[in-house]
Amino acid sequence: MLNPIVQIDTIKQFETKHKITLPSEYVAFLTILGNGGAGPFYGLEPLENTLFDDLDYLHNDSLLDPSKPFLHTEAWNMEFEPTLSEDENQEENDRQYEEFTDLYFDIEQMNGVIAICNYGCGISLNLVVNGQEYGNIWTDDRGNDGGIYPIVQLGEKGRIHFLEWYELWLDKSITEIKMNLETKKNSKVETKKPWWKVW
């Protein structure tokens, strides 16, 4: 089920406050269909949650900044490569690791986006609202050392915009429902979990 719609005035206030213009198809979805709810994985986030950088733990002291351009145009990741082994100098190794994590998990890596969907396991799906990738959806998978990359969780091929992505989920969901109904009808065997649930 989708949540009640958002009034256009609320969206305009959001855009003014954060110095952005939301993609028109996303605005149409919020104002005509609903403010989050039914959608891929844990569902679509309501507009009021889209600035939280961690959708598992909504902390007001850790918010995304969509007013600055998104930094990435290609998939990005980093691996920790210490210059010394732990045996040589544990203290220096720890210092280098702290420096690495400060850069890797810097919230500025996700400037220019709003978080529209919680995939689970610390992974968020984000709509780029500022920068070269405007309108495309990107995954923040740094919590699992996967980096930041154009979305692939639904089997997307190349860049994809919000409405295309949502329709892809609907199409896959309808196909699965039909298959499950056919399976029940023919074998009365318990159906498997939804294709999009990975846990």
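Kindly provide the Kirkwood hydrodynamic radius of the stretch 15-63 in Å, to one decimal, from all pairs of distinct alpha carbon atoms. Display every interim value, and only then the final one.
Values: mean 1/r = 0.0829 Å⁻¹.
Kirkwood radius, the stretch 15-63: 12.1 Å.
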Of the heavy-atom accessible surface of the chain (probe 1.4 angstrom), what whole percent is carbon and sulfur? 52
Cα lying deepest toward the dipole's positive end in the chain, options TYR134, SER24, THR183, charges on Cβ: THR183
Rounded to the nearest whole number, the per residue volume of the convex hull around the C-alpha atoms of the stretch 27-113 in Å³ is 153
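Compute the signed sum of charges (Lys and Arg +1, Asp and Glu -1) over the other residues within less than 14 Å, Cβ to Cβ, of LEU163. Before the final figure, lay out each step's value.
Details: positive: ARG159; negative: GLU25, GLU156, GLU164, GLU167, ASP171.
Local net charge: -4.
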Could you please report the charge total around SER67, scoring K, R as +1 and D, E as -1 over all other residues with beta-carbon less than 15 angstrom from its beta-carbon? -1
Can you list the residues, at least 5 places off or on another chain, whose amide H is less than 5 Å from the amide H of CYS117, using H built in the peptide plane? GLU45, LEU125
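Restricting to DSSP H runs of at least four residues, report the calculated mean residue ellipticity at 222 nm for the chain, -39500 (n - 2.57) per run over all residues, nearest 500 deg cm²/dmol.
Mean residue ellipticity at 222 nm (helix-derived): -9500 deg cm²/dmol.
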Which labelled figure in (i) 1.19; (ii) 1.33; (iii) 1.03 is Cα Rg over 2.2 N^0.38 Å, once derived from the coordinates: (i)
Can you give the charge dipole size of the stretch 1-129 about its Cα centre, rounded to the nearest 20 debye, using +1 on the beta carbon of Lys and Arg and -1 on the beta carbon of Asp and Glu? 1340
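Leaving out ligands and nucleic acids, note down the accessible area per residue over the chain with a 1.4 angstrom probe, in whole Å².
Details: 11600 Å² over 199 residues.
That works out to 58 Å² per residue.
Going by average Cβ neighbours within 10 Å, how do the peptides 155-162, 67-74, 134-141, 48-55 rank, with the highest at the top?
Working: 155-162: 13.6, 67-74: 15.4, 134-141: 21.1, 48-55: 19.1.
Averaged packing, sorted descending, gives the order 134-141, 48-55, 67-74, 155-162.
What does the charge dipole of the stretch 71-161 about its Cα centre add up to, to the nearest 20 debye, if the Cβ of each Lys and Arg holds +1 and the Cβ of each Asp and Glu holds -1? Mind dumping the intermediate values first?
Values: 4 positive and 19 negative charges, 203 e Å.
The dipole of the stretch 71-161 has a size of about 980 debye.
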For an R0 of 45 angstrom, estimate the FRET efficiency from the Cβ-Cβ distance between ALA28 and ARG95 and round to the nearest 0.05. 0.35
On a full-extension model of 0.36 nm per residue, what is the gain between GLU167 and LYS12, subtracting their alpha-carbon distance, rounded to one decimal in nm? 53.3 nm
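The values are calculated or read from the model by the stated rules, or taken from the named source; none is laboratory data. From a predicted model like this one, the values you see are computed outputs, not experimental measurements. As a convention, Cβ positions derive from the backbone with ideal geometry for all residues, glycine included, and neighbour counts pool all protein chains shown. In case anyone asks, the SASA skips ligands and DNA or RNA and just uses the protein heavy atoms, side chains included. Shrake-Rupley method; radii C 1.70, N 1.55, O 1.52, S 1.80 Å.
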